[in-house]
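Below is one structure, written out as structure tokens; the observations come after it.
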Amino acid sequence: EEEYRSPWNSSNVPQQVFHSVKMWNAVNKFHVPYKRRRQKFFKSRDELQREVEERVALRTVRAGDGPFSGDDWDAFLPKKDLRELLGPMKRCAVVMSSGSMRDSSLGSQIDEHDAVIRFNAAPTKGFSADVGNKTTLRLINSQLMTVEAKFLSNPLYHTGVLIVWDPAPYSRDLYAWYKKPDFNFFPKYKEYRKAHPEQPFYILSPSVQWDLWDVIQENSETDIQPNPPSSGMLGITVMMSLCEEITIYEFLPSRRRSDLCYYFKGHINKQCTIGHYHPLTFEKMLIKRLNRGHNCDIHDFGKVSLCGYSRPTM
Ligand code: C5P
């Protein structure tokens, strides 16, 4: 119960998180500079909102970007950008895969949103009372694309717009990334585009993950993991740049919080919620500071309300 009263504050970071930070800093796989910038003054919510808006732009790979040129990339990469494709959207929902989504009965309120984003292999079938039915976007990681044997044929992936991201070098250098992606999803991407040419499928630019990471690091009091933000956090920024208002479900977990990792699987692991590889605890502290809703909505429903980049017209 203690954890619920003031979770995701800098005074409340679990010891385990500091161990993860230390461990991943020793690895520093993505060559993040060791000298970290930290802002001197604690920003207000509105200053922080402005900073995210100004520094984290939604970019996807376009034909002709660095190594992504030639006939095949011309044919496979989407011509329209995401904003053009989806248009300006008003109310959007971000549904985390957290165990605390289970038995939430949030499904119908999630479906009332104009657009819903889900992550990786998170299903709706069999769980719609808790997580809803609607899937407008699905953000997946490159690991899933290369590891999941049925990625091309599994109907789970055939609904909505797909976006894939891959942990890229901190340098944001497209050539270095192209030569050595974390998981080589490029051939699978082309295969998928051939098999499902009608379904929009985007590749997130590496600048998104590291621009976002910079903002998280600079607004944290301590060093964070030198690894890209979680899919969930990337999805929040995707929706912030596409929508006027965003509701996030079970990123800051409700009273239903437990050590259950996912709502759709039985395995138990605390780190799913506090992070190990990803700077998840620090992502959550930042989102808490951006929240415009009430703390009781977090406690009761696992709900956070954010403003998007585009403001409603008055
Ligand atoms: O593990 P996966 O990335 O597929 O999960 C989707 C997102 O949901 C995560 O990236 C993370 O942001 C969020 N999540 C969470 N707590 C959990 C499980 C997932 O915050 N227990």
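Run the dipole for the chain about the Cα centre, Lys and Arg Cβ at +1, Asp and Glu Cβ at -1, nothing else charged, and hand back the magnitude in debye, nearest 20. Display every interim value, and only then the final one.
On the way: 43 positive and 37 negative charges, 72 e Å.
Dipole size: approximately 340 debye.
So what is the orientation-averaged projected area of the range 238-288, using the convex hull of its C-alpha atoms, in nm²?
Working: hull surface 17.9 nm².
Directional mean of the projected Cα hull area for the range 238-288 stands at 4.5 nm².
Please compute the per residue accessible area over the range 145-269 with all protein chains in place, 1.4 Å probe, rounded to a whole number of Å².
Numbers: 4400 Å² over 125 residues.
In whole numbers, the range 145-269 has 35 Å² accessible per residue.
Cross-link candidates for K134: which aspartates and glutamates have Cα within less than 14 Å, leaving aside residues fewer than 8 places away along the same chain?
Leaving aside aspartates and glutamates fewer than 8 places away in the same chain, those within reach of K134 are D111, E112, D114.
Quick check: the distance between the Cα centres of the range 117-134 and the range 149-169, to the nearest angstrom?
Rounded to whole Å, the Cα centres lie 15 Å apart.
Apply the Karplus curve 6.51 cos²θ - 1.76 cosθ + 1.60, θ = phi - 60°, to the phi angles in the range 207-221 and return the couplings in whole Hz, x for Gly and Pro.
Calculated HN-Hα couplings, in order: 4, 4, 5, 7, 5, 5, 4, 4, 5, 5, 4, 5, 9, 10, 7 Hz.
Where the convex hull is taken over the Cα atoms of the chain, what is its projected area averaged over directions, in nm²?
On the way: hull surface 63.5 nm².
Directional mean of the projected Cα hull area for the chain stands at 15.9 nm².
Given a cut-off of 20 Å, name the pairs among K43/K288; K125/K150; K22/K179 whose C-alpha atoms lie farther apart than that in the structure shown. Display every interim value, and only then the final one.
On the way: K43/K288 13 Å; K125/K150 17 Å; K22/K179 28 Å.
Violating the 20 Å limit, Cα to Cα: K22/K179.
Among DSSP bridges having both ends in the chain, what percentage is antiparallel? Round to the nearest 5.
Around 30 percent antiparallel, to the nearest 5.
Can you pull out the cysteines in the chain that have no other Cys Cβ under 4.7 Å?
C296, C307
If I compute solvent accessible area with a 1.4 Å probe over the protein chains, what percent of it on the range 1-125 is carbon and sulfur? Walk me through the numbers before you get to the answer.
On the way: 3590 of 7250 Å².
It is 50 percent, rounded to a whole number.
Amide H to amide H under 5 Å from M89: which residues, 5+ apart in sequence or cross-chain, H placed 1.01 Å off N in plane?
When sequence neighbours closer than 5 places are left aside, the close amide H contacts are E244.
Could you tell me the relative contact order of the chain? Use alpha-carbon pairs under 8 Å, at least six residues apart, and round to a whole percent. Please list the in-between numbers first.
Details: 547 pairs, mean separation 83.0, N = 314.
Relative contact order of the chain: 26 percent.
State the answer as a single residue: which of V215, P200, S100 lies farthest towards the positive end of the charge dipole of the chain, with beta carbon charges of +1 for Lys and Arg and -1 for Asp and Glu, about the Cα centre.
Positive-most Cα among the choices belongs to V215.
Students often forget the sequence filter, so: which lysines lie under 17 Å Cα-Cα from K79 once same-chain residues fewer than 8 apart are removed?
Result set, ordered by chain and number: K190, K194.
Report relative contact order for the range 231-273 in percent, whole number only (criteria: Cα-Cα under 8 Å, sequence separation at least 6).
Numbers: 20 pairs, mean separation 9.7, N = 43.
Relative contact order for the range 231-273 comes out at 22 percent.
Using only DSSP helix segments of four residues or longer, with each worth -39500 (n - 2.57), what per-residue ellipticity at 222 nm results for the chain after dividing by its residue count and rounding to 500?
Roughly -10000 deg cm²/dmol at 222 nm, from the helical runs in the chain.
The values are calculated or read from the model by the stated rules, or taken from the named source; none is laboratory data. As the structure is a prediction and not an experimental result, all values here were calculated from the model. So basically every Cβ, Gly included, is an ideal-geometry build from the backbone, and we count neighbours across all protein chains shown. For the accessible areas, the whole protein counts, side chains as well, though only heavy atoms, and no ligand, DNA or RNA atoms are used. Shrake-Rupley method; radii C 1.70, N 1.55, O 1.52, S 1.80 Å.
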